[in-house]
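**Q** Dropping a structure here in structure tokens format, bear with me for questions.
Coordinate-derived values only; no laboratory data. Everything quoted here is computed from the prediction, not taken from an experiment. Please note: Cβ atoms are built from the backbone with ideal geometry, for glycine as well, and neighbour counts cover all protein chains shown.
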Amino acid sequence: MDERPSVEVCFTPNLYPLHFDDADVVVVIDVLRATTAICAGMANGVKTIIPVASIEEALEYRQRGYIVAAERKGKVVEGFDLGNSPYSWINPELIGKTVVLTTTNGTQAIHTSRRANEMVIGSLINLDAVVKYLHKKKLNVMLLGSGWRNKFCLEDTICAGAIADGLLASGDFRSEEDSTIAAKYLYLSAKDNYLGYLKASSHRRRLQDLNLNEDIKYCLTPNQVDVVPICKDGRISI
Ligand code: 3SL
């Protein structure tokens, strides 16, 4: 029997109950743009992020005086301080601060996996740091793509494939699911030119229509930060 820990990919949050079985660590991935923004914020001094699923919860925090980031349909929700452009999280005014965050898909995926033993925030910008962290732990890993309203997303799957490839290449992990094989091969096809590969992807087009090209480039540039944000008891920190 193969005793090595497993690494498995779950494409979307609604498939989570089917995959969860024995995962010790869940990595939540929303490359465009929630988990990238979280990693960028954490690497640039944000102290704590409180992810919430709904605008109502976000509003409650706002009324209590918190800084609150809210995104819906790719835009900053009216009345909130910022959205999920990673550039808006790289801001000296946020250093040492606690920021509440709600987004269309990323914080929903975080909410879905809230009962995991451990939850890690992954993206392309902290790819190698996440692989190194997981490799050291040698626990069963589930890589959860946030998708778009529970539909499959290419960029999250490619990022999951990159993490899976890093762990499987070490020889210290095993995989049994076809989703992991598929994610890995998508990553291998995309890795030399993420921007080009994702040209036709639905989320890239959606953000392009909102003139968010700089955000797209930032989110698709691997290994810009070496933080591994962890979500524990509803709070994200490093
Ligand atoms: O769904 C999310 O969490 C967002 O990151 C979506 S968007 O990039 O703002 O479109």
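**Q** Can you tell me the length gained on complete extension of the stretch residue 209 to residue 138, counting 0.36 nm per residue apart and subtracting the Cα distance?
**A** Taking 0.36 nm per residue and subtracting the Cα distance, the gain is 21.4 nm.
**Q** When Rg is the radius of gyration of the Cα atoms in the chain and Rh is its Kirkwood radius, what does Rg/Rh come to? Before the final figure, lay out the partial values.
**A** Numbers: Rg = 16.5 Å, Rh = 17.4 Å.
So for the chain, dividing Rg by the Kirkwood Rh gives 0.95.
**Q** Further question on the same structure: Equivalent ellipsoid semi-axes for region 88-186, as square roots of 5 times the alpha carbon gyration tensor eigenvalues: give them largest first, rounded to whole Å. Can you show the working numbers first?
**A** On the way: eigenvalues 126, 58, 35 Å².
Gyration-tensor ellipsoid for region 88-186: 25, 17, 13 Å.
**Q** While we're on this one: How big is the Cα convex hull of region 152-238 in projection, averaged over all directions, in nm²?
**A** Values: hull surface 30.1 nm².
The directionally averaged projection comes out at 7.5 nm².
**Q** Which order do the peptides 64-76, 107-119 come out in when sorted by mean C-beta neighbours inside 10 angstrom, highest first? Walk me through the intermediate numbers first.
**A** On the way: 64-76: 17.0, 107-119: 20.1.
Per-residue Cβ counts within 10 Å, averaged per peptide and sorted highest first, yield 107-119, 64-76.
**Q** Sorted by mean Cβ packing within 10 Å, highest first, what order do the peptides 120-129, 95-104, 34-43, 156-165 take?
**A** On the way: 120-129: 25.7, 95-104: 20.1, 34-43: 29.4, 156-165: 27.2.
Per-residue Cβ counts within 10 Å, averaged per peptide and sorted highest first, yield 34-43, 156-165, 120-129, 95-104.
**Q** Taking a label point 7 Å from the Cα of residue 97 along the Cα→Cβ vector, which residues of region 41-79 have an amide N closer than 11 Å to it?
**A** From region 41-79, the list is 46-47, 66-69.
**Q** Distance in nm between label sites at residue 217 and residue 232, each 7 Å beyond Cα in the beta-carbon direction?
**A** 3.8
**Q** Something else now. Find the eigenvalues of the gyration tensor of the Cα atoms of region 24-129, then list the square roots of 5 times those eigenvalues as equivalent ellipsoid semi-axes, largest first, in whole angstrom.
**A** On the way: eigenvalues 79, 51, 33 Å².
For region 24-129, the semi-axes come out at 20, 16, 13 Å.
**Q** How far, in nm, would the chain grow between residue 60 and residue 189 when pulled straight, counting 0.36 nm per residue and subtracting the alpha carbon separation?
**A** Numbers: separation 129, 0.36 × 129 = 46.44 nm, distance 4.40 nm.
This chain segment gains 42.0 nm when fully extended.
**Q** Expressed as a rounded percentage, what relative contact order does the chain have, with Cα pairs under 8 Å and six or more residues apart? Please list the in-between numbers first.
**A** Details: 509 pairs, mean separation 81.9, N = 238.
So the answer I get is 34 percent.
**Q** If you don't mind, another one. Based on the Cβ-Cβ distance of residue 117 and residue 90, what FRET efficiency does E = 1/(1 + (r/R0)^6) give at R0 = 30 Å, to the nearest 0.05? Walk me through the numbers before you get to the answer.
**A** Working: r = 31 Å, r/R0 = 1.03.
The formula returns an efficiency of 0.45 here.
**Q** Another one. Checking the cross-link filter: which aspartates and glutamates have an alpha carbon closer than 12 Å to that of residue 232, excluding same-chain neighbours under 8 positions apart?
**A** The reachable aspartates and glutamates, counting only those whose Cα sits under 12 Å from residue 232, are 118.
**Q** Of the DSSP beta bridges with both residues in region 7-233, give the percent that are antiparallel, rounding to the nearest 5. Before the final figure, lay out the partial values.
**A** Details: 5 of 28 bridges.
Percentage antiparallel, nearest 5: 20.
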